[in-house]
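The values are calculated or read from the model by the stated rules, or taken from the named source; none is laboratory data. Computed from a predicted model, the values in this text were never measured in an experiment. No Cβ is skipped: glycine too gets one built from the backbone with ideal geometry, and neighbour counts run over all protein chains shown.
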Amino acid sequence: MPELPHGPSGRGASSLQSVQVQRLADLSPQASVGAPVAPPEILSRAARLLRGQTSVLVEKSLERIREGVSHYASPMLAPADVTERVHEALEIAVEALAVPERFLASGEHAWSVGRKRALEGTPMLAVLQAYRIGASVLWDSLVEAALKGAPEQAEPLVHAANDFWRFVARDTTIVMESHRRTLAGLARDDGRKLLPVLKALLRGHSDPMDIAATACAFDVPVAGRYAVARLDGPAVSRPAEAAVREDVGDLRLYWCALPDGQAVVAQLGDASLEELASALATGPGVRGGISPVVTGLAELGRAKELAELALGACRRDDELVLLEDRMVSGLVLARPDLAAGIAHRVLGPVLDLDPADRAALLDTLEAWLDCQGSTDRAGELLYCHRNTVLNRLRRLERLTGRLLNHPRDLVDLTLALEACRTGSADESSH
């Protein structure tokens, strides 16, 4: 059956869920006739013939799911991982039927899919519809495999149908109960229903009709002041049960877990980006970037890209960067290939020096720029005499052929230095 995410991890969790699965199997409407303890041999043989054909089953299932389930047909609402999860689920179902010892495994996955989709805001009805459509595709394929070259198997296959659909009923009951219990443990209005929409917008979906419809359905403004923050680091994860929506003063924050960290969609109201940064104050092992203000839901995909640039401009952990304060870094990060070319063209002779010598010249240039061209303050920052700063800067001028008192040369040197600091200079060799 489709729509099964990764199974439980850890022996304790697996054991506990096995008990839950066995108890929940008794909730099936067919429990009165006895839940099967193993699939009939004819189903096992047919399932073994389907091994290696999962991709075909996935393609058929996805086509029918998108035709029959409006939630999954919508690019705004469908889970981003639906293809991967359907593929995984069908493999599990085929193995559960093919190997009697693994017959209960699909129940454990059914429990996890109900929980996962509830946490993502996917309605239970949509999950069940997708689950049953996938089961129908699997049954059709089992029938075809069983009867191929053996039409005499038709009669025993009819009797096996009851066992197969009791198997499906058991797992769908488990999905429902897991979904229900998960929702019961969540706050009623934590923004979770909006989560699939926000993730689609962050991926760049910008169809005006979709955006207008979903904004109306979830009572969020199509136009307004929004920003996106990207947080990364080992300490950035939040519990799956944590509220998606968080209100901080005039700010309304929506937390969206991503495979590589967290994205936060901020409905700013009258708040400033600095207030958003304060609300997201990073802790140890976390760095972040905040986009400029955008003017509506349709621009959230672009805002996420800009937030990624701001994140890349971080120079240490515990730093939260507003892209507006690091525009040069953002420009360099947006085109690392061109940035690498600038770095090697402008600073090539410096980059050819031994590491210690190269670091001394680049650190001195950076300190001088940070101190607004003051050699005295740069010397204090570097713990050296101002004459040492001057000598290093003059040497850098000789090596590069560029003068710090010429505005265009200074721009070249600044961009080249930024490319080195962001790692863009490593994008190509010189």
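Overview of results
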| read-out | value |
| --- | --- |
| Residue in the range 293-305 that is crowded, with 22+ Cβ neighbours inside 10 Å and within 19 Å of residue 423 (Cα to Cα) present | no |
| Matching residues, the range 208-234, being part of a loop (DSSP other than H, G, I, E, B) and either surrounded by 13 or more Cβ atoms within 10 Å (Cβ to Cβ) or at pLDDT 85 or above (or both) | 220, 221, 222, 233 |
| Filtered residue count, the range 259-318, keeping only those that are hydroxyl-bearing (Ser, Thr, Tyr), over 29 Å from residue 212 (Cα atoms) and outside any helix (DSSP H, G or I) | 1 |
| Tally of residues being of a type in the set (Ser, Thr, Tyr) and crowded, with 17+ Cβ neighbours inside 10 Å across the range 235-259 | 1 |
| Candidates 275, 308, 324 - the one that is closer than 21 Å to residue 237 by Cα and either buried (at least 21 other Cβ atoms within 10 Å of the Cβ) or of a type outside the set (Lys, Arg) (or both) | 308 |
| Any hit, the range 312-321, residues being more than 18 Å from residue 416 (Cα to Cα), β-branched (Val, Ile, Thr), modelled with pLDDT of 90 or more and in contact with a Lys or Arg (Cβ under 7 Å, 6 or more places away or on another chain) | no |
| Unmet requirement for residue 312, which otherwise passes all of (1) more than 19 Å from the chain's Cα centre (by Cα); (2) in contact (Cβ under 8 Å) with a residue 60 or more places away in the chain; (3) more than 30 Å from residue 116 (Cα to Cα) | (1) |
| Those residues of the range 261-278 which are under 22 Å from the mean Cα position of the chain (by Cα) and over 20 Å from residue 192 (Cα atoms), in sequence order | 276, 277 |
| Residue that is in a helix (DSSP H, G or I), closer than 21 Å to residue 339 by Cα, out of contact with any Asp or Glu (no Cβ under 9 Å at 6 or more places or on another chain) and free of Cβ contacts under 8 Å to residues at least 12 places away in the same chain, where the choices are 410, 361 | 410 |
